[in-house]
Amino acid sequence: MDMNQLDKMRGMPAGFPFAMILLGVICGIASGILASIDARFFTTLANSLNFLSVPLIEWGAILQGVLWICGAFAKKSGPPT
């Protein structure tokens, strides 16, 4: 896979905000599945994952928006070398 194509996508220079959002969604889905298991360990783990998923999604979305806004106002200095 050519990583240069990924770097050319707007708002994802390193993919960090996208990874935050993706991990938040995965944690949210996992917390829903683990909460259905009726054992104290799994309900505590599900609550912890749910507590982690919301800030990951929120901050990932904020960082992605900042990158899009900064990319819109960035000045191009010329052709890349």
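The values are calculated or read from the model by the stated rules, or taken from the named source; none is laboratory data. Keep in mind that this is a model prediction, so the values were computed, not measured. Here the Cβ positions follow ideal geometry from the backbone for every residue, glycine too, while neighbour counts run over all protein chains shown.
Against the list (1) touching a Leu at 6+ places or on another chain (Cβ under 9 Å); (2) not in a helix (DSSP H, G or I), the condition SER31 fails is (2).
Select, from LEU6, LEU63, LEU49, LEU67, the only residue that is in a helix (DSSP H, G or I) and at pLDDT 90 or above.
After applying the criteria, what remains is LEU49.
Looking at the structure I just gave you, is ALA39 modelled with pLDDT under 95 and exposed (fewer than 13 other Cβ atoms within 10 Å of the Cβ)? Here the answer is yes, as ALA39 does meet what is asked.
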